[in-house]
Structures are given as structure tokens and as C-alpha cells.
Amino acid sequence: MLEGTKIYSILKLKCPRCHEGDLFLTKNPYNYSNIEKMPDVCPVCKEKYWPEPGFYYGAMYVSYALTIALSVAVFVAMIVLWHFDVMWYLGLNAAAIVLLFPPIFRVSRAAWFNFFVSYKTPEERALLNQKKA
Ligand SMILES: [Zn+2]
């Protein structure tokens, strides 16, 4: 349904160019030794996954924004579902951040990559490859 949109690429962790190739080598984000491992190029469309050295440092800004959003969500959920207590909040918020770090890390990289690379249909990609050759 969302195929072809940036949201699809970000949430499914797919290549922002073709929305088919996986951005990461392993599917499970909680496989800690492989959390950041990405292929050099997209296995489907050959888009470079590392456009320049240090490219993904910028993903830290996205990660920061998502972590703040998570902290606000924990805060609101506590008030709505229970009552606010600062020590419980600090504990629950820290637990939420630690538990959700792996998916936030990967979604942040996907979002950062999507700022710079846009989707092309298979026909558009074929045309581009013809021009290059
Ligand atoms: Zn691709």
C-alpha cells in the first residue's frame, strides 16, 4: 500500500532507490554483533549504500529526534495510564531507550539515507542506466 513512499523504505528498511534490496545484512536488529552491517551496494539496483565516508554520522540527528519522541511518549503514557512519578519515569524511560535502541538505530539510518536518495521505478532506473552506458 505504501510502496513507493519514503515511509515504506524507512519502516521496511529497504533501499531508498528501488525499495526492494535490504539495507542491512541481517533482518533481526537485536543481533547486536551485526546491528550496523550493511552491504556496500544494493543487491537489486546497485545503489551505493555508503555515498561518502562518515555519511551515517548525520543519522545521529534522526536518532536523537526519535529518542526524544520516545521519551515524550513514555511521559504521556505514564500520565494517561498511571500517574507521574519522576523516579519511575527515569527508570521506565531508560529501559524503553535501551530496549528500543536497535530498531531506532536502523530506522534512523534508513531515514537519513532517504533524505538524499529518492525512489525510482524500474523503468526510470533502466532509463538512467542507459544514459550512463
Ligand atoms: Zn536498490
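Loop only by DSSP, 16 or fewer other Cβ within 10 Å of the Cβ. Give me the GluC sites (Glu not before Pro) in the stretch 24-133 that pass, ordered by residue number. Show your work: numbers first, answer last.
Working: sites: Glu36, Glu47, Glu123, Glu124; in loops: Glu36, Glu47.
In loop regions of the stretch 24-133 (DSSP not H, G, I, E or B), the sparsely surrounded GluC sites (Glu not before Pro) are Glu36.
Once amide H atoms are built 1.01 Å from N in the peptide plane, which residues 5 or more positions from Tyr49, or in another chain, come under 5 Å H to H?
Long-range HN contacts for Tyr49: Val41, Cys42.
Using just the helices of the chain, give the 222 nm mean residue ellipticity in deg cm²/dmol: DSSP H runs with n ≥ 4 each add -39,500 (n - 2.57), and the total is spread over all residues, rounded to 500.
My calculation for the chain gives -18500 deg cm²/dmol from helical runs alone.
Take the chain, connect every pair of alpha-carbon atoms lying under 10 Å apart with a spring to form a Gaussian network, then pick out the residue of Leu23, Leu81, Leu66 with the largest mean-square fluctuation.
Sorting by GNM fluctuation, first place goes to Leu81.
A 28 angstrom limit on the alpha carbon distance is what I want to check against. Which of Lys12/Lys37; Lys27/Lys120; Lys27/Lys131; Lys14/Lys131 exceed it? It would help to have the intermediate numbers written out before the result.
Working: Lys12/Lys37 16 Å; Lys27/Lys120 24 Å; Lys27/Lys131 34 Å; Lys14/Lys131 25 Å.
Listed pairs above 28 Å: Lys27/Lys131.
Of Met78, Ala59, Gln130, whose Cα points farthest to the positive end of the dipole of the chain (charges on the beta-carbon: +1 Lys, Arg; -1 Asp, Glu; origin at the Cα centre)?
Gln130
Taking the Kirkwood radius as the inverse of the mean 1/r across Cα pairs, report the Rg/Rh of the chain. Please report the intermediate quantities before stating the final value.
Values: Rg = 17.9 Å, Rh = 16.5 Å.
Here the Rg-to-Rh quotient is 1.08.
Measuring from centroid to centroid over Cα atoms, what is the spacing of the stretch 97-125 and the stretch 5-27 in Å?
Cα centroid to Cα centroid, the span is 6 Å.
So for the stretch 6-125, averaging the separation of alpha carbon pairs under 8 Å that are six or more residues apart and normalising by length, what relative contact order in percent results?
Numbers: 128 pairs, mean separation 43.2, N = 120.
Here the relative contact order equals 36 percent.
Helix by helix, which DSSP H runs in the chain go 30 Å or more along their axis at the Cα atoms and have an average Kyte-Doolittle hydropathy of -0.5 or more? Show your work: numbers first, answer last.
Numbers: long enough: 59-81 (32 Å, 2.27); 86-116 (41 Å, 1.23).
Helices meeting the criterion: 59-81, 86-116.
Which value, in debye to the nearest 20, gives the size of the charge dipole of the stretch 32-133 about its Cα centre, when Lys and Arg are +1 and Asp and Glu are -1 at the Cβ? Let's see the in-between values first.
Details: 9 positive and 7 negative charges, 86 e Å.
The dipole magnitude comes to about 420 debye.
Using Cβ counts within 10 Å as a stand-in for footprinting exposure, how do Ser9, Ser118, Ser108 rank, fewest first? Walk me through the numbers on the way to the answer.
Working: Ser9 26, Ser118 10, Ser108 22.
Result, fewest neighbours first: Ser118, Ser108, Ser9.
Residue by residue through the stretch 34-44, which ³J(HN,Hα) values in whole Hz follow from phi under the Karplus form 6.51 cos²θ - 1.76 cosθ + 1.60 (θ = phi - 60°), with glycine and proline marked x?
10, 4, 9, 6, 10, x, 5, 9, 5, x, 9
Read-outs throughout are calculated quantities, based only on the coordinates presented, and are distinct from any laboratory measurement. Please read these numbers as outputs of a predicted model, since none were measured by experiment. When we count neighbours, we look across all protein chains shown, and the Cβ atoms used for this are built from the backbone with ideal geometry, even at glycine.
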